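The values are calculated or read from the model by the stated rules, or taken from the named source; none is laboratory data. Fair warning: this is a prediction, and the values are worked out from it, not measured in the lab. Methodologically, a virtual Cβ is constructed for each residue, glycine included, from the backbone with ideal geometry; neighbour enumeration extends over all protein chains shown.
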Amino acid sequence: MTTTHNEFGAITLEPTPPVNGNLTRGRRPEWLRVRAADSPKYRELTSLFRGQRLHTVCEEAMCPNIGECWGRGTATFLLMGDTCTRSCGFCKIKTGRPGLLDPDEPRRVAESIQAMGLTHAVLTSVNRDEQSDGGAWVFAESLHWIHELAPGCTVEVLIPDFKGDWAALQVVMDARPEILNHNTETAPRLYRTVRPQAKYMRSMELLQRAKRIDGEALTKSGIMVGLGETWDEILQVMDDLRAHDVDIMTIGQYLQPSRFHLPIVRYYTPDEFGRLKEEGQARGFQWVESGPLVRSSYHADGQAHLSPRR
């Protein structure tokens, strides 16, 4: 049993036997090494985001694919500031008391998407649990502005659970995103340490309600592996997502952003990610993105082509 202490308190995890004996030891495997982010397009987008006072989850969450995605002109916008009201044990985004919401942010996001000439955009946010609707109106207004200024651009929204406020979910769905994403993140057994303020079945219910509100919208969810889950638990999450009408699933390796975050219990190999993709496809997902460096917005532009609205 591995025990670690961090800023979230004492956390105890029980590592499970890996499929191939590949427990983490020392340096990261070669397949997790990426080049430093630098290209003309990357520098252009960095300047654009700074000028518009916008945040991206690519930077805040230290995404390993930032060089690849920004290099081809795609990015995930982080709405409602850079401070989250929750303290998930895996996340690099800072926890604290957020500032006031900016009513002009949706317009600036849409103008940036227009200036970049994007054909697909991803919008996500920090959790704003101090807001009565969790900030759902910011997602809706952003969608309205994007439809107005960049009508050829499809949109994925990666939303929080709004603490089970289904009226807030309705506000987002009424704005007609092509993809509604809400990440499950891990197996339910690990929620107390990984997502202490979230509820597994509440996330499942959100995904199913979104599909019932708008049957044309694609629903999507993702998990990280390497936090101590078993292989069977991963398959159970897959089964639960399909039982709640989820169309798209992403699976990636958890990477510890700092020594204050949850430890990596093990690394999964590229072959294992390939097997997980096959398991997901066998269960009927329309798209399974599975790989060591996969994050929830990876190749989201390709997934949007599944939308009946295109």
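Can you tell me which of (1) surrounded by 20 or more Cβ atoms within 10 Å (Cβ to Cβ); (2) at pLDDT 95 or above; (3) touching a Phe, Trp or Tyr at 6+ places or on another chain (Cβ under 9 Å) is the one TYR268 doesn't meet?
(3)
So, of the residues in segment 203-219 that are small (Gly, Ala, Ser) and touching a strand residue (DSSP E or B) at 6+ places or on another chain (Cβ under 6 Å), which turns out to be nearest to ARG309 (Cα to Cα)? Walk me through it before giving the result.
Looking only at segment 203-219, we keep the residues that are small (Gly, Ala, Ser), and these are 203, 210, 215, 217.
In the following step, the residues that additionally are touching a strand residue (DSSP E or B) at 6+ places or on another chain (Cβ under 6 Å) were identified as 210, 217.
Details: ALA210: 16, ALA217: 9 Å.
Filtering first and then ranking leaves ALA217.
When you go through ALA217, ALA243 one by one, which is the residue that is surrounded by fewer than 23 Cβ atoms within 10 Å (Cβ to Cβ), closer than 27 Å to ALA167 by Cβ and out of contact with any helix residue (DSSP H, G or I) (no Cβ under 7 Å at 6 or more places or on another chain)?
Details: ALA217 fails: out of contact with any helix residue (DSSP H, G or I) (no Cβ under 7 Å at 6 or more places or on another chain).
Only one candidate passes the filter, namely ALA243.
For segment 247-263, which residues satisfy the criterion of being buried (at least 17 other Cβ atoms within 10 Å of the Cβ), among the hydrophobic types (A, V, I, L, M, F, W, C) and over 16 Å from LEU276 (Cα atoms)?
Matches in segment 247-263: LEU255, LEU262.
What's the number of the only condition in (1) more than 21 Å from ARG192 (Cβ to Cβ); (2) outside any loop (DSSP other than H, G, I, E, B); (3) under 18 Å from the mean Cα position of the chain (by Cα) that LEU235 fails to meet?
Among (1) more than 21 Å from ARG192 (Cβ to Cβ); (2) outside any loop (DSSP other than H, G, I, E, B); (3) under 18 Å from the mean Cα position of the chain (by Cα), the lone unmet condition for LEU235 is (3).
Would you call PRO196 out of contact with any Ser or Thr (no Cβ under 6 Å at 6 or more places or on another chain) and either surrounded by fewer than 15 Cβ atoms within 10 Å (Cβ to Cβ) or free of Cβ contacts under 8 Å to residues at least 12 places away in the same chain (or both)? Steps first, please.
Values: out of contact with any Ser or Thr (no Cβ under 6 Å at 6 or more places or on another chain): yes; either surrounded by fewer than 15 Cβ atoms within 10 Å (Cβ to Cβ) or free of Cβ contacts under 8 Å to residues at least 12 places away in the same chain (or both): yes.
Yes; evaluated as a whole, the condition is true for this residue.
Do we find a residue being closer than 13 Å to SER142 by Cβ, buried (at least 16 other Cβ atoms within 10 Å of the Cβ) and among the basic types (Lys, Arg) anywhere in segment 108-116?
yes
Is segment 293-303 home to any residue that is basic (Lys, Arg) and more than 18 Å from TRP31 (Cβ to Cβ)?
Checked against the condition, which is being basic (Lys, Arg) and more than 18 Å from TRP31 (Cβ to Cβ), segment 293-303 yields no hits at all.
Which count do you get for residues in segment 119-132 that are surrounded by fewer than 20 Cβ atoms within 10 Å (Cβ to Cβ) and either under 20 Å from the mean Cα position of the chain (by Cα) or modelled with pLDDT under 95 (or both)? Show your work before the answer.
Filtering segment 119-132 for residues surrounded by fewer than 20 Cβ atoms within 10 Å (Cβ to Cβ) gives 119, 129-132.
Next, only the ones that are either under 20 Å from the mean Cα position of the chain (by Cα) or modelled with pLDDT under 95 (or both) stay: 119, 129.
The total comes to 2.
Could you list all residues from segment 77-87 that are surrounded by fewer than 21 Cβ atoms within 10 Å (Cβ to Cβ), of a type outside the set (S, T, N, Q) and either part of a strand (DSSP E or B) or at pLDDT 95 or above (or both)?
The answer is ARG86, and nothing else.
Mind listing whichever residues of segment 124-134 are in a loop (DSSP other than H, G, I, E, B) and either out of contact with any strand residue (DSSP E or B) (no Cβ under 6 Å at 6 or more places or on another chain) or within 13 Å of GLU156 (Cα to Cα) (or both)? Even if it seems obvious, please write down each step before you answer.
Just the residues of segment 124-134 that are in a loop (DSSP other than H, G, I, E, B), to begin with: 126-134.
Hits for segment 124-134 are ARG128, ASP129, GLU130, GLN131, SER132, ASP133, GLY134.
Please go through segment 252-296 and give me each residue that is in a strand (DSSP E or B), under 26 Å from SER307 (Cβ atoms) and not small (Gly, Ala, Ser), ordered by number.
The initial filter retains those residues of segment 252-296 that are in a strand (DSSP E or B), namely 252-253, 266, 287-290.
Narrowing further to those that are under 26 Å from SER307 (Cβ atoms): 252, 287-290.
Scanning segment 252-296 gives TRP287, VAL288, GLU289.
Among the residues of segment 293-310 satisfying the criterion of being within 12 Å of ILE251 (Cβ to Cβ) and either over 15 Å from the mean Cα position of the chain (by Cα) or of a type in the set (Ser, Thr, Tyr) (or both), which is modelled with the lowest pLDDT? Please lay out each step first, then the result.
Filtering segment 293-310 for residues within 12 Å of ILE251 (Cβ to Cβ) gives 293-296, 298.
Retained after the next criterion (residues that are either over 15 Å from the mean Cα position of the chain (by Cα) or of a type in the set (Ser, Thr, Tyr) (or both)): 296, 298.
On the way: SER296: 85, TYR298: 81.
Top of the filtered list is TYR298.
Which members of segment 109-123 meet the condition of being under 14 Å from GLU148 (Cβ atoms) and in a strand (DSSP E or B)?
Passing the criteria: only ALA121.
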